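Undergrad: Structure incoming, see below.
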Amino acid sequence: MKKIVYFFAAAALLLMPSCQQFEPEIFDESAAERANSFLADIRETLVAEQYGWTLDYYPKKDYAGTTYALKFTSQQVTAIHESNPSVSETSTYALKYDNASVLSFDTYNSILHKYATPSSREYQAKGGDFEFEIRGFNKGTKEIKLVGKRSRNTCTLRPLKKEGKGYLEDVNALKKAMKYPAGKATIDGVEYEAYLNSGNRSMSIGPKGASSDSTQTVRYVLTGNTIRFMRPFSLGDKEFSEWTYDAANEAFSEGGVTFQKFLPPGYITYEQFLGKFTLSYGSGRGKFTVTLVENEKDNSFKMEGLSNFFQPVIGYDGGRGRLTWEKQTVGGSGSLEYFLAPWDNFSTHLILMDGVGMVGTAVDSSVNDFVIEFVDNGVWVDYKVHGWVVWSMNGGSSAGEVSSWTMATGSNQLPGDITMTKIVE
């Protein structure tokens, strides 16, 4: 571990901008020469690799870690993405010094800019980057550490040992083979449970039965036969960075520790959640029919039938086989932004902090018409979420209820307690 710390400390010193106002002119020229020499070394390294590079890429937290294969010439880069390894696109790139050494994919490339291009529905795109600060270069392994200028996420370039198309086909083969929602292992007498969400490629891990503040959440990407974590993490005295998948035994292992598959109680697959439900609210005060349809496979649904004005996104926690329902933007008018906001209708408090909401777990999953019960997800410390309300914000200020955006309840409010019962047709 000490070697890693020293490496990044050295890298930080190398890339630290000079204090120009206190140094003579000759130092500025020397610093520029050193920066140019470093960037020339990076370019030479990028171009020299026979098969190119894999890029572990992380957009903002709501999107899955994902994998690119890149091939560089002195001026151009050819990119392919795991979503379609048969399609490539070539564009230019730049290596420059802008308060730090930067790798920039500086001309539009629909593959490389997939997560960074805004649209009418996503004005901030998916929080991705096309400009990266170079934070470390290990000449031994040739790994290049990058930090997205926008997301501030760490992404990593590593040399490929086979053609990029074949490597990404291996990634997709693992994705298809890996039916692994949760695993458990004992380390130093403590039983740990890991819950993998394949939809957004994040893993929650901690001691069995631990509260959420005692667990860690780590993001990962897939390789040909491993899941590789965004950053190392520790359990007891063991450190983990990359787990190898054993398909025959449905287990992951690293450093002599094996996490064996298990299914959490009440586990419901993504496919089982598709279809119609009777939604009951307000402790049985009212009910209506909603339908969950695919939004992003294995990651989220759209809920039809709740309102004629919007269809909320309901997340899928693939590790625990349950639904997640969080605060979200549903529309707007002029300068106003409308939210479906978590609400404690017993105390009339609401909050617009990201992550606050509910989780929906099967209380009866033994039959096809299973029942999902929604409860507070524990993020809102001072109150409990007992329902939802359509609320507006103007910039950073609250602008009040949006009474005209009604739901199937007949108002802009959906009071708890909320359950959903699957309808078998």
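The values are calculated or read from the model by the stated rules, or taken from the named source; none is laboratory data. Predicted model only: the values in this text are computed from it and were never measured. FYI the Cβ positions are ideal-geometry reconstructions off the backbone, even for glycines, and counts take in every protein chain you see.
Undergrad: Considering ARG152, ARG201, which residue is under 18 Å from the mean Cα position of the chain (by Cα) and surrounded by 21 or more Cβ atoms within 10 Å (Cβ to Cβ)? It would help to see each step written out before you state the result.
TA: Working: ARG152 fails: surrounded by 21 or more Cβ atoms within 10 Å (Cβ to Cβ).
Answer to the check: ARG201.
Undergrad: Given the criterion touching a residue at least 12 places away in the same chain (Cβ under 8 Å), basic (Lys, Arg) and on the phi > 0 side of the Ramachandran plot, identify the matching residue among ARG228, ARG201.
TA: Values: ARG228 fails: on the phi > 0 side of the Ramachandran plot.
The match here is ARG201.
Undergrad: In region 293-329, what residues are touching a residue at least 40 places away in the same chain (Cβ under 8 Å), over 18 Å from the mean Cα position of the chain (by Cα) and either at positive phi or crowded, with 19+ Cβ neighbours inside 10 Å (or both)?
TA: Answer for region 293-329, where residues must be touching a residue at least 40 places away in the same chain (Cβ under 8 Å), over 18 Å from the mean Cα position of the chain (by Cα) and either at positive phi or crowded, with 19+ Cβ neighbours inside 10 Å (or both): GLY305, LEU306, SER307.
Undergrad: Filter region 73-84 down to the residues that are more than 17 Å from TYR115 (Cα to Cα) and surrounded by 20 or more Cβ atoms within 10 Å (Cβ to Cβ) and list them by number.
TA: VAL77
Undergrad: Is it fair to say TRP380 is surrounded by 15 or more Cβ atoms within 10 Å (Cβ to Cβ), in the same structural domain as SER307 (by TED's automatic domain parsing), assigned to a loop (DSSP other than H, G, I, E, B) and aromatic (Phe, Trp, Tyr)? It would help to see each step written out before you state the result.
TA: Working: surrounded by 15 or more Cβ atoms within 10 Å (Cβ to Cβ): yes; in the same structural domain as SER307 (by TED's automatic domain parsing): yes; assigned to a loop (DSSP other than H, G, I, E, B): yes; aromatic (Phe, Trp, Tyr): yes.
Yes: the conditions hold for TRP380.
Undergrad: Here is a further query. Take the residues in region 395-425 that are part of a loop (DSSP other than H, G, I, E, B) and free of Cβ contacts under 8 Å to residues at least 24 places away in the same chain; name whichever of them is surrounded by the fewest Cβ atoms within 10 Å (Cβ to Cβ). Spell out how you get there, then give the answer.
TA: Step one: list which residues in region 395-425 are part of a loop (DSSP other than H, G, I, E, B), which gives 395-396, 402-412, 416-418, 423-425.
This time we only want the ones that are free of Cβ contacts under 8 Å to residues at least 24 places away in the same chain, so: 396, 403-404, 410-412.
On the way: GLY396: 6, SER403: 11, SER404: 9, GLY410: 9, SER411: 14, ASN412: 20.
That would be GLY396.
Undergrad: While we're looking at this one, here's another question. Sort out for me the strands (runs of 3 or more DSSP E) sitting completely within region 176-280 that have 3 or more residues that are among the small types (Gly, Ala, Ser) and over 24 Å from THR154 (Cα atoms).
TA: Values: elements: 182-187, 190-197, 202-207, 216-222, 226-235, 238-246, 251-254, 257-261.
The qualifying strands (runs of 3 or more DSSP E) are 182-187.
Undergrad: Okay, moving on. Step by step: first the residues of region 37-53, then only those that are assigned to a loop (DSSP other than H, G, I, E, B) and touching a residue at least 40 places away in the same chain (Cβ under 8 Å), then the one that is farthest from LEU168 (Cα to Cα). Which residue is that? I'd like the intermediate steps shown before the answer.
TA: In the first step, residues of region 37-53 are kept if they are assigned to a loop (DSSP other than H, G, I, E, B); the result is 49-52.
Now restrict to residues that are touching a residue at least 40 places away in the same chain (Cβ under 8 Å): 49, 51-52.
Working: GLU49: 17, TYR51: 13, GLY52: 13 Å.
So, considering only residues that are assigned to a loop (DSSP other than H, G, I, E, B) and touching a residue at least 40 places away in the same chain (Cβ under 8 Å), the one farthest from LEU168 (Cα to Cα) is GLU49.
Undergrad: Residues being in contact with a Leu (Cβ under 8 Å, 6 or more places away or on another chain) and assigned to a loop (DSSP other than H, G, I, E, B): count how many of those fall in region 90-111.
TA: Residues in region 90-111 being in contact with a Leu (Cβ under 8 Å, 6 or more places away or on another chain) and assigned to a loop (DSSP other than H, G, I, E, B): 3 in total.
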